Amino acid sequence: QVQLVESGGGLVQAGGSLRLSCAASGRTFSSPAMGWFRQAPGKEREFVAAIRWSTGIPYYADSVKGRFTISRDNAKNTVYLQMNSLKPEDTAVYYCAAGRGLLLVLALGYEYWGQGTQVTVSS
(Lines give C-alpha, C1' and ligand atoms only; values in the text may rest on other atoms or scores of the structure.)
Protein backbone atom coordinates (compact mmCIF):
# COMPACT_ATOMS: atom_id res chain seq x y z
CA GLN A 1 0.00 0.00 0.00
CA VAL A 2 1.02 3.60 -0.59
CA GLN A 3 0.23 6.60 1.56
CA LEU A 4 0.35 10.12 0.13
CA VAL A 5 0.45 13.35 2.13
CA GLU A 6 0.05 16.68 0.35
CA SER A 7 0.97 20.16 1.53
CA GLY A 8 1.54 23.65 0.19
CA GLY A 9 -1.92 24.80 -0.82
CA GLY A 10 -3.19 28.27 -0.03
CA LEU A 11 -4.57 31.54 -1.33
CA VAL A 12 -2.58 33.66 -3.78
CA GLN A 13 -3.24 36.57 -6.11
CA ALA A 14 -3.37 36.12 -9.86
CA GLY A 15 0.15 36.01 -11.25
CA GLY A 16 1.55 34.58 -8.04
CA SER A 17 3.19 31.24 -7.30
CA LEU A 18 2.75 28.22 -5.06
CA ARG A 19 4.67 24.98 -4.64
CA LEU A 20 2.78 21.83 -3.72
CA SER A 21 4.49 18.82 -2.17
CA CYS A 22 3.42 15.18 -1.98
CA ALA A 23 5.31 12.82 0.31
CA ALA A 24 4.90 9.12 -0.47
CA SER A 25 5.42 6.24 1.94
CA GLY A 26 4.75 2.52 2.10
CA ARG A 27 5.28 0.24 -0.89
CA THR A 28 6.23 2.97 -3.31
CA PHE A 29 8.11 0.51 -5.52
CA SER A 30 4.74 -0.79 -6.74
CA SER A 31 3.80 2.63 -8.11
CA PRO A 32 6.28 3.80 -10.76
CA ALA A 33 4.38 6.97 -11.58
CA MET A 34 3.09 10.02 -9.73
CA GLY A 35 0.49 12.45 -10.98
CA TRP A 36 -1.26 15.66 -10.04
CA PHE A 37 -4.97 16.16 -10.69
CA ARG A 38 -7.35 18.95 -9.78
CA GLN A 39 -11.07 19.34 -9.31
CA ALA A 40 -13.04 22.58 -9.20
CA PRO A 41 -16.60 22.79 -7.82
CA GLY A 42 -19.09 21.38 -10.30
CA LYS A 43 -16.39 20.08 -12.63
CA GLU A 44 -14.79 16.72 -13.32
CA ARG A 45 -11.38 15.80 -11.99
CA GLU A 46 -8.78 16.74 -14.60
CA PHE A 47 -5.18 15.80 -15.27
CA VAL A 48 -2.53 18.40 -14.48
CA ALA A 49 0.91 16.76 -14.62
CA ALA A 50 2.68 13.41 -14.18
CA ILE A 51 6.16 12.00 -13.77
CA ARG A 52 7.86 8.62 -13.45
CA TRP A 53 10.29 8.00 -10.62
CA SER A 54 12.71 6.29 -12.99
CA THR A 55 12.95 8.85 -15.79
CA GLY A 56 11.90 12.17 -14.28
CA ILE A 57 10.38 13.12 -17.63
CA PRO A 58 7.42 15.48 -17.09
CA TYR A 59 4.02 15.39 -18.77
CA TYR A 60 1.57 18.30 -18.66
CA ALA A 61 -1.94 19.25 -19.55
CA ASP A 62 -2.04 21.94 -22.22
CA SER A 63 -3.76 24.30 -19.79
CA VAL A 64 -0.72 24.44 -17.49
CA LYS A 65 2.19 23.87 -19.88
CA GLY A 66 4.76 26.62 -19.55
CA ARG A 67 3.45 27.69 -16.14
CA PHE A 68 3.67 24.56 -13.96
CA THR A 69 6.66 22.31 -13.33
CA ILE A 70 6.50 18.81 -11.87
CA SER A 71 9.61 17.30 -10.32
CA ARG A 72 10.61 14.51 -7.99
CA ASP A 73 13.20 13.85 -5.30
CA ASN A 74 13.70 10.09 -5.22
CA ALA A 75 15.74 10.18 -2.01
CA LYS A 76 12.86 11.88 -0.21
CA ASN A 77 10.06 10.00 -2.00
CA THR A 78 8.53 13.38 -2.69
CA VAL A 79 6.94 14.92 -5.78
CA TYR A 80 6.53 18.65 -6.25
CA LEU A 81 4.32 20.86 -8.37
CA GLN A 82 5.70 24.36 -8.86
CA MET A 83 2.87 26.62 -10.02
CA ASN A 84 3.75 30.01 -11.51
CA SER A 85 1.69 32.70 -13.22
CA LEU A 86 -1.41 31.42 -11.49
CA LYS A 87 -4.83 32.29 -12.89
CA PRO A 88 -8.25 32.33 -11.20
CA GLU A 89 -9.21 29.32 -13.33
CA ASP A 90 -6.48 27.33 -11.57
CA THR A 91 -8.58 27.44 -8.40
CA ALA A 92 -9.36 23.86 -7.37
CA VAL A 93 -8.58 21.10 -4.94
CA TYR A 94 -5.30 19.54 -6.06
CA TYR A 95 -4.66 15.82 -5.53
CA CYS A 96 -1.52 13.78 -5.92
CA ALA A 97 -1.78 10.16 -6.99
CA ALA A 98 0.41 7.07 -7.36
CA GLY A 99 -0.04 4.51 -10.12
CA ARG A 100 1.48 1.86 -12.37
CA GLY A 101 2.60 4.38 -14.96
CA LEU A 102 0.73 3.02 -17.96
CA LEU A 103 -2.09 5.58 -18.10
CA LEU A 104 -0.44 8.79 -16.97
CA VAL A 105 -3.11 11.29 -17.99
CA LEU A 106 -6.21 9.44 -16.77
CA ALA A 107 -7.43 9.19 -13.19
CA LEU A 108 -8.27 5.51 -13.71
CA GLY A 109 -4.55 4.84 -14.11
CA TYR A 110 -3.86 5.59 -10.46
CA GLU A 111 -4.52 3.42 -7.40
CA TYR A 112 -3.62 5.69 -4.49
CA TRP A 113 -4.64 9.27 -3.77
CA GLY A 114 -3.74 11.99 -1.32
CA GLN A 115 -6.26 13.92 0.74
CA GLY A 116 -6.18 16.97 -1.51
CA THR A 117 -5.06 20.53 -0.87
CA GLN A 118 -7.01 23.68 -1.72
CA VAL A 119 -5.51 26.21 -4.11
CA THR A 120 -7.38 29.50 -4.46
CA VAL A 121 -6.29 32.22 -6.90
CA SER A 122 -7.91 35.62 -6.49
CA SER A 123 -8.22 38.23 -9.22
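Within region 75-123, if we keep just the residues that are over 14 Å from the mean Cα position of the chain (by Cα) and crowded, with 18+ Cβ neighbours inside 10 Å, the residue that is farthest from Pro58 (Cα to Cα) turns out to be Val121. Within region 11-23, can one find any residue that is in contact (Cβ under 8 Å) with a residue 60 or more places away in the chain, among the β-branched types (Val, Ile, Thr) and in a strand (DSSP E or B)? Yes: one or more hits. Selection of first residues in region 75-94 that are farther than 30 Å from Arg27 by Cα and of second residues that are at pLDDT below 95 and surrounded by fewer than 14 Cβ atoms within 10 Å (Cβ to Cβ), restricted to Cβ pairs under 8 Å at least 6 apart or on distinct chains, gives the following pairs, ordered by first then second residue: Pro88/Ser123. Hey, can you tell me all the residues within region 25-53 that are at pLDDT 95 or above, within 18 Å of Leu102 (Cβ to Cβ) and small (Gly, Ala, Ser)? Ala33, Gly35, Ala49, Ala50, listed by residue number. What about Arg72, is it of a type in the set (D, E, K, R) and crowded, with 16+ Cβ neighbours inside 10 Å? Answer is yes for this residue. Among the candidates Ser85, Ser30, Ser122, Ser17, the residue that is polar (S, T, N, Q) and closer than 17 Å to Val2 by Cα is uniquely Ser30. Among the residues of region 6-26, is any polar (S, T, N, Q), open to solvent by 80 Å² or more (accessible area, probe 1.4 Å) and out of contact with any Leu (no Cβ under 6 Å at 6 or more places or on another chain)? Yes; the residues of region 6-26 include at least one that is polar (S, T, N, Q), open to solvent by 80 Å² or more (accessible area, probe 1.4 Å) and out of contact with any Leu (no Cβ under 6 Å at 6 or more places or on another chain). Looking at region 50-66, is at least one residue surrounded by 15 or more Cβ atoms within 10 Å (Cβ to Cβ), aliphatic (A, V, I, L, M), part of a loop (DSSP other than H, G, I, E, B) and on the phi < 0 side of the Ramachandran plot? Yes, some residue in region 50-66 is surrounded by 15 or more Cβ atoms within 10 Å (Cβ to Cβ), aliphatic (A, V, I, L, M), part of a loop (DSSP other than H, G, I, E, B) and on the phi < 0 side of the Ramachandran plot.
The values are calculated or read from the model by the stated rules, or taken from the named source; none is laboratory data. The shown structure was predicted, so the numbers you read here are calculated from the model rather than taken from an experiment. As a convention, Cβ positions derive from the backbone with ideal geometry for all residues, glycine included, and neighbour counts pool all protein chains shown. Heads up: the accessible areas ignore ligands, DNA and RNA and are worked out on the full protein's heavy atoms, side chains in. Shrake-Rupley method; radii C 1.70, N 1.55, O 1.52, S 1.80 Å.
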